[in-house]
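Q: Sharing a structure with you now.
Only the coordinates and a few stated rules stand behind these numbers; no lab work does. Given the structure is predicted, the values throughout are model-derived calculations rather than measurements. In this analysis, Cβ positions are derived from the backbone assuming ideal geometry, glycine residues included, and neighbour counts consider all displayed protein chains.
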Amino acid sequence: MQYVKITFRDKRIEPINLSLIKWGFILEDAKTLVPYMLDSEREWSGRTLNKAEVVSVEPDKDYTEKMATRPSVLYRHKTNNNVVQCFEGELPDKFDEYEKM
């Protein structure tokens, strides 16, 4: 998965990194103010992105490499034995139905 670095007009706002897929969904949205989640989040925290404030978007090779080497953990579903891979520090949805492998 590839990531982009999004820079805003207001320099007080820190640049953010989003996957290219998420950025594509934001661009396709007809609204100017779009809710978004960082790739490390499982629930929406109230963040919104004002597309009118975006100054530049460019591929971020360093962040892409960092995310590719991010450690992960495997969880097994207790009833159907399906295995889910989550990044370290994240939990699968309905966590009580899984056990760490």
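Q: Using modelled amide H (1.01 Å from N, peptide plane; none on Pro or chain starts), what sits under 5 Å from the amide H of residue 5, excluding residues fewer than 5 places away?
A: Correct list: 58, 60.
Q: A follow-up question, please. Want the number for residue 32 to residue 66: 0.36 nm per residue separation, take away the alpha-carbon distance, what's left?
A: 9.2 nm
Q: Can you tell me which lysines have their Cα less than 22 Å from the Cα of residue 31? Leave out same-chain residues fewer than eight positions away.
A: 5, 22, 51
Q: Which one of 82, 17, 50 has the biggest mean-square fluctuation once the chain is modelled by GNM with Cα springs under 10 Å?
A: 82
Q: Give me the percent relative contact order of the chain, please, defined on Cα pairs under 8 angstrom at least 6 residues apart.
A: Once divided by the residue count of the chain, the mean separation gives 25 percent.
Q: Fully extended, how many nm does the chain gain between residue 76 and residue 21 (0.36 nm per residue separation, minus their Cα-Cα distance)?
A: 17.1 nm
Q: For the chain, set up a Gaussian network in which alpha carbons nearer than 10 Å are linked by springs, and say which option among 11, 22, 66 fluctuates the most.
A: In the Gaussian network model the winner is 11.
Q: Take the chain, connect every pair of alpha-carbon atoms lying under 10 Å apart with a spring to form a Gaussian network, then pick out the residue of 38, 74, 18 with the largest mean-square fluctuation.
A: Per the Cα network of the chain with a 10 Å cutoff, 74 tops the list.
Q: Mind checking which lysines have their C-alpha under 26 Å from residue 78, skipping anything on the same chain fewer than 8 residues away?
A: Those lysines meeting the cut-off are 94, 100.
Q: Once Lys and Arg get +1 and Asp and Glu get -1 on their Cβ, which of 26, 75, 15 lies farthest toward the positive end of the dipole of the stretch 1-90?
A: It is 75, whose Cα lies furthest towards the positive end.
Q: I've got another one for you. Students often forget the sequence filter, so: which aspartates and glutamates lie under 14 Å Cα-Cα from residue 11 once same-chain residues fewer than 8 apart are removed?
A: Straight-distance partners of residue 11: 53.
Q: Let me know the charge dipole size of the chain about its Cα centre in debye, to the nearest 20, where only the beta-carbon of Lys, Arg (+1) and Asp, Glu (-1) is charged.
A: So the dipole magnitude of the chain works out to roughly 120 debye.
Q: So what's the back-of-envelope 222 nm ellipticity for the chain, counting only DSSP H runs of four-plus at -39500 (n - 2.57) apiece and dividing by all residues, rounded to 500?
A: -4500 deg cm²/dmol
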